[in-house]
Amino acid sequence: MTANPSTHGVGPSRLPLPLRDGFGRVHNNLRISVTDRCNLRCVYCMPEEVTFLDRAELLSFEEIVRFVRVAASLGIDKIRLTGGEPLLRRDLHRLVGMLAEVPGIRDLGLTTNGILLAEQAQALFDAGLRRINVSLDTLDPVRFRQLARRDGLERVVAGILAAKRAGFDPVKVNAVSIRGVTEHEVVPLARFARAHGLEMRFIEYMPIGADQWERNKVYFAHEILEQIERELAPLVPVEPAAPQAPAQEFVYADGGGRVGIIASVSRPFCHSCNRLRLTSDGKLRNCLFALDELDVKGLLRGGASDDDLAAVIRQSVATKWEGHEINTARFVKPERTMHTIGG
Ligand code: SAM
Ligand code: SF4
């Protein structure tokens with residue numbers, strides 16, 4: 001008897017069908033925003049004045065874990081926690097511990113602004129977190145305040161160093177790359193990363209935040225690479241750890257470490273996208289730039305079965321578009337800003 005292809009059961013003798021979309025892309029990666037709150041107000045991400053969600057609107061740890069169990073049964077094996085600022089979610093290490101025990105989850109990561117990291121790094125590591133990305137756009141406290149609309153540079157640097165001490169290896173540092181704003185930060189950041197054994201990653205500025213994005217405000221990947229090679233050392237391209245990873249990876253020819261470039265605008269990686277996103281208010285998105293989303297919280301709180309949750313995950317994957325079309329006149333900026341989706 002042939003298996004019914006519409007069956008998404010995961011009974012003992014049946015393997016789940018992979019989460020393959022209409023373009024053949026298999027999805028194994030889920031980013032979960034655990035809060036929309038933030039202790040910074042980065043200009044490229046969110047407005048100064050915001051009304052945050054009522055806490056009851058956020059998915060509970062138990063709800064997140066239930067969803068992840070179902071997602072893992074369908075082939076999701078990689079999770080990244082994000083926000084808003086995820087370390088503002090009380091006892092986040094407890095959620096990490098719960099997720100680390102979900103069968104099938106083999107890779108747990110976190111993206112943080114680092115402000116609260118020094119206090120939490122060890123507890124997160126001990127709970128099973130292994131990947132960490134800390135966002136830091138500048139080493140200049142005045143520029144930090146301009147970009148983040150808050151102070152905090154020293155705390156972020158302390159957080160990065162605490163993460164290293166706690167055992168995270170590598171610690172990746174993410175900087176958004178904006179023309180006229182961050183060109184002068186590239187070399188100091190790259191030097192800082194080289195000096196402390198960190199992996200520096202530059203992300204092209206994307207049209208998703210609160211401010212007015214224009215293509216000519218993007219300081220492009222090839223310009224960053226040229227600047228590093230001119231002022232620091234030649235770079236040699238290397239194979240990324242995973243073929244679907246969005247970053248192009250390089251090592252310094254002099255052995256001084258590793259650099260990643262995420263060229264979301266100049267070199268979109270939609271063709272190899274393997275990601276889904278769960279927002280803090282429980283909506284499932286199949287693209288950072290998606291214009292539609294599916295309501296997971298309503299299902300979780302409305303008595304839905306695991307099969308219902310599996311069906312919504314499959315629906316999200318099945319309806320995924322080919323790509324974000326940032327570089328075309330057809331591009332439509334989503335209403336949600338980055339902090340409410342989770343980067
Ligand atoms: N608060 C945490 C942080 O800053 O790392 C996690 C959430 S934040 C939305 C995730 C990542 O998105 C950060 O690295 C941030 O720099 C990046 N980001 C936010 N807005 C962006 C934009 N318009 N273009 C490119 N990256 C952006
Ligand atoms: Fe907060 Fe991160 Fe957005 Fe900055 S990028 S405002 S730290 S959520």
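Being touching a residue at least 12 places away in the same chain (Cβ under 8 Å), β-branched (Val, Ile, Thr) and surrounded by fewer than 19 Cβ atoms within 10 Å (Cβ to Cβ) is a description that does not apply to Val259. Residues in segment 194-226 that are more than 15 Å from ligand 1 (Cβ to nearest atom) and either among the charged types (D, E, K, R) or in contact (Cβ under 8 Å) with a residue 60 or more places away in the chain (or both): Arg194, Gly197, Glu223, Glu226. Annotation note: Cβ proximity below 9 Å between a residue of segment 319-343 that is acidic (Asp, Glu) and a residue that is within 16 Å of ligand 1 (Cβ to nearest atom) (sequence gap 6+ or interchain) occurs for Glu322/Cys270; Glu325/Pro268; Glu325/Cys270; Glu325/Phe289; Glu325/Phe331; Glu325/Val332.
When each of Gly114, Gly104, Gly152, Gly128 is tested for being at positive phi, small (Gly, Ala, Ser), at pLDDT 95 or above and open to solvent by 30 Å² or more (accessible area, probe 1.4 Å), the lone residue that passes is Gly104. Filtering segment 156-177 to residues that are open to solvent by 10 Å² or more (accessible area, probe 1.4 Å) and either under 17 Å from Arg201 (Cα atoms) or β-branched (Val, Ile, Thr) (or both) leaves Val157, Leu161, Lys164, Asp169, Pro170, Lys172, Asn174, Val176. With respect to the conditions (1) farther than 19 Å from Val296 by Cα; (2) in contact with a Leu (Cβ under 6 Å, 6 or more places away or on another chain); (3) of a type in the set (A, V, I, L, M, F, W, C), Val34 lacks only one, and its number is (1). Taking segment 192-238 as the range and being in a loop (DSSP other than H, G, I, E, B), closer than 29 Å to Arg165 by Cβ, under 22 Å from the mean Cα position of the chain (by Cα) and not small (Gly, Ala, Ser) as the test, only Leu198 passes.
Helices (runs of 4 or more DSSP H) fully within segment 96-174 that include at least 1 residues being β-branched (Val, Ile, Thr): 141-148, 153-166. Of the residues making up segment 38-95, just one is among the aromatic types (Phe, Trp, Tyr), closer than 15 Å to Ser280 by Cα and in a loop (DSSP other than H, G, I, E, B), namely Phe52. Considering Val96, Val134, the condition of being within 16 Å of ligand 1 (Cβ to nearest atom), under 16 Å from the mean Cα position of the chain (by Cα), β-branched (Val, Ile, Thr) and over 21 Å from Cys45 (Cα atoms) is satisfied by Val96 alone. Within segment 276-296, the set of residues being acidic (Asp, Glu) and at pLDDT below 90 comprises Asp292 only.
Screening Arg80 with (1) in contact with a His (Cβ under 8 Å, 6 or more places away or on another chain); (2) within 13 Å of ligand 1 (Cβ to nearest atom); (3) open to solvent by 20 Å² or more (accessible area, probe 1.4 Å) gives one miss only, at (1). Answer with yes or no whether Arg194 is surrounded by 16 or more Cβ atoms within 10 Å (Cβ to Cβ), at pLDDT 95 or above and either out of contact with any Phe, Trp or Tyr (no Cβ under 9 Å at 6 or more places or on another chain) or closer than 22 Å to Ala241 by Cα (or both). So Arg194 fits the description; yes.
The values are calculated or read from the model by the stated rules, or taken from the named source; none is laboratory data. Because the structure is a prediction, the values reported are computed rather than measured. Every residue, glycine among them, receives a Cβ derived from its backbone with ideal geometry; neighbour counts consider all protein chains shown. Surface areas here come from the heavy atoms of the whole protein model, side chains and all, with no ligands, DNA or RNA. Shrake-Rupley method; radii C 1.70, N 1.55, O 1.52, S 1.80 Å.
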